[in-house]
Amino acid sequence: MSTRKSLVAAGAMCVCLLVATVVAVIPRTTSGQAVATAPTRAQHTLDDATTAMADAPGVTYDGDLNVDGTPIRVQDLTVTAAGDVHGTVALDGAPAEVVQLAGGTYVKADAAFWDVRNATADSTVRRNSTGAAGNWALVGPDFFGIDLGAVLLPASYGLGAQDSDQRIDQGARVIAVPVADQTPDRRVESAGDPQGLAPGPVQSDGQTIVAGDNPIRIDAEGGIYGIAGPVRTAPADRPTTSKLKVTLLTNDEVKTFYSTVQGLTDPLSKVAAPEVTVPKPTGNLDACTNTFCILAYHFTNAMPGADRGTVTVLQSSSLTVNGAPAGSCSRTVTMPMNGTGESTCTFRFSDPGTRTINYHADSDFDISATAEKDVTVLVEAVEKGRDVATRQPGQWYPGGYKADPAARSYHQQITGVPSGFAFVVDDFGFDGRDADGALLMTGGPGYDAHVLRDGTFDPAWAGTAQLTEQVRQASAAAADQPVRWVFAERAAAEAMSKLLAANRISGIDVVTVPAAG
């Protein structure tokens, strides 16, 4: 295995990089030779192993996840650098083959698996999974509680295992990284030893380094072998822990993965959708009189990953008037996938002859759905994923972390990795690389304060000149790679668009994504 060079020692790197390893006081031996401290040596070992994982075109996982208390077993589950997935996931011992591709999550499992899944379902809104048993079915991306492709993306999971944002020593003296150091996304590096590391002894088969709450197993060749502990890339409201064996894949192995997935594109084009979301509708009984009553329902549905399809709702309703049965009604509602539908039942009954009449309706709903996706879209997704995963324009390196906690949080939200790393392309450090191949830069909260009334960045603010230099360098480094600059604030994004136009810089897509929470 090749050894990753420290950026501090890489003389070819220019000072524009947002990268630097941890700076520490280096003790000397009795001979006068400098020797790194144990924590620093452990950090370097960890950096080499986890950044190699982040650079891998794909990773195969075996082991256990626990998502908000639900145990999940994964077996031979491959996640590529493009976020595409194929492998086996088991719930309560019931296995399912899983594919994530082109924005859709598909599972193939027998009836026992669906019985486990449906055990806690709402009894009044019943999803029919009969057609799914033994066949491919489209489900939501968080079917297993988390989006496997996003959470176990090699860069996100590997770099996140370092727990670096949680290990920052706020009391340590820091040194500013001289890139955009006047902006809300300024970076600093610690002037002391790395915090929160517990390196185990180096043995013949490798070493375990505990980074924060994460034990990371590194083999004798310096490659990552396993990760355990909290998964920082999982949603905050779904605490997730892992104990996974990690196998890094080569480009050829990832190409084989995509050949396998391409063979599934035809059967994935038309599948059952037993997990389609059909919110329980609220009935309308406002049109009731003393001899008849109209019950109306408005239905909606949603199914991520489906281009089109059909949702069928079998409705069974009954009405009571003053507590006595007043009739029943059955309706079949058919609506387009991701569309709406209506139903109306008219009940007629004898006048109860009372001054006050109480009406009450009960309804049950049985839902079945079929989802469709163009085969050409699936095949194109295979080709795009293979290209993104096997064509890496740069490499991940450790770098100074963002000083502002809000900037660190936003960086993690957008890139999926802690702020202490940079994806370096042609000597420029991007904040990250998206699963679609776009090179990412983030603009966290705080830029709005420097936007003038005319919608431009204040030229008197030092950050304006630094941003201008950043976009020039980013554009040059990216060459033919797409660049996406993501801001938390709309006014800042619009000001950046004007800055790009004023400097005649093209090829950078500026978008706004509000900060979470």
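The values are calculated or read from the model by the stated rules, or taken from the named source; none is laboratory data. A quick note: this is a predicted structure, and the numbers were derived from the prediction, not measured. Quick reminder, even Gly has a Cβ in these numbers, built from the backbone with ideal geometry, and neighbours come from all protein chains shown. Surface areas here come from the heavy atoms of the whole protein model, side chains and all, with no ligands, DNA or RNA. Shrake-Rupley method; radii C 1.70, N 1.55, O 1.52, S 1.80 Å.
Its alpha carbons give the range 165-236 an Rg and a Dmax of 15.8, 47 Å. With one equal scatterer per alpha carbon and no solvent term, the Debye-computed log10 I(q)/I(0) for the range 248-343 at 0.15, 0.18, 0.22 1/Å reads -0.75, -0.91, -1.09.
Under 5 Å from the amide H of Ala81 lie the amide H atoms of Gly58, each residue being 5 or more positions distant or on a separate chain, with H modelled from the backbone and absent for Pro and chain starts.
Determine the sum of side-chain charges near Val202: Lys and Arg each +1, Asp and Glu each -1, restricted to other residues whose C-beta is under 12 angstrom from that of Val202. Net charge in that neighbourhood comes out at -1. Each Lys or Arg adds one and each Asp or Glu subtracts one; over the other residues with Cβ under 11 Å from the Cβ of Leu319, this totals 0. In terms of the mean number of neighbouring beta-carbon atoms within 10 Å, the peptides 301-309, 503-511, 398-406, 414-422 order highest first as 414-422, 398-406, 301-309, 503-511. When you count the other C-beta atoms within 10 angstrom of each residue and take the mean per peptide, 223-231, 237-245, 159-167 line up highest first as 159-167, 223-231, 237-245. Protein-only accessible surface at a 1.4 angstrom probe places the residues Glu372, Glu189 in the order Glu372, Glu189, largest first. Close amide H contacts of Val179 (hydrogens built in the peptide plane, cut-off under 5 Å, sequence separation of 5 or more or a different chain): Arg187.
Translational D (Stokes-Einstein, µm²/s) of the range 194-286 at 37 °C and 0.692 mPa s when Rh comes from the Kirkwood sum over C-alpha pairs? The estimated diffusion coefficient comes to 182 µm²/s. Put simply, the convex hull of the Cα atoms in the range 382-433 casts, on average, a shadow of 4.0 nm².
From the Kirkwood radius over Cα pairs of the chain, Stokes-Einstein at 10 °C and 1.306 mPa s returns a whole-number translational diffusion coefficient of 61 µm²/s. Excluding residues on the same chain fewer than 8 positions from Lys243, give the lysines whose Cα lies under 28 Å from its Cα. Within the straight-line cut-off, Lys243 pairs with Lys108, Lys255. Each of Lys384 and Asp219 was given a label point 7 Å from its Cα along the Cα-to-Cβ line. The distance between the two points is 3.4 nm. The 1.4 Å probe gives accessible areas that order Phe365, Phe349, largest first, as Phe349, Phe365. The P(r) of the range 100-247 has a tail past 19 Å containing 68 percent of all C-alpha pairs.
When the surface is traced with a 1.4 Å probe over the full set of protein chains, Val375 keeps roughly 50 Å² accessible.
Remind me, what semi-axes does the range 289-407 give for its equivalent ellipsoid, largest first in whole Å, using sqrt of 5 times each Cα gyration tensor eigenvalue?
After diagonalising the Cα gyration tensor, the semi-axes are 54, 22, 9 Å.
By DSSP, the beta bridges lying fully in the chain are antiparallel in about 90 percent of cases. Partner aspartates and glutamates whose Cα lies under 13 Å from the Cα of Lys498, excluding those fewer than 8 positions away in the same chain, are identified as Asp454, Asp458, Asp509. Considering only protein heavy atoms and a probe of 1.4 Å, how much of the accessible area of the chain is carbon and sulfur, as a whole percent? Ligands and nucleic acids excluded, carbon and sulfur give 50 percent. Once all protein chains are placed together, His298 keeps about 90 Å² accessible to a 1.4 angstrom probe. A probe of 1.4 angstrom, applied to the heavy atoms of all protein chains, finds Thr78 with accessible area near 10 square angstrom.
Less than 5 angstrom separates the built amide H of Thr240 from those of Asp68, Val231, all sequence-distant by 5 or more or on a different chain.
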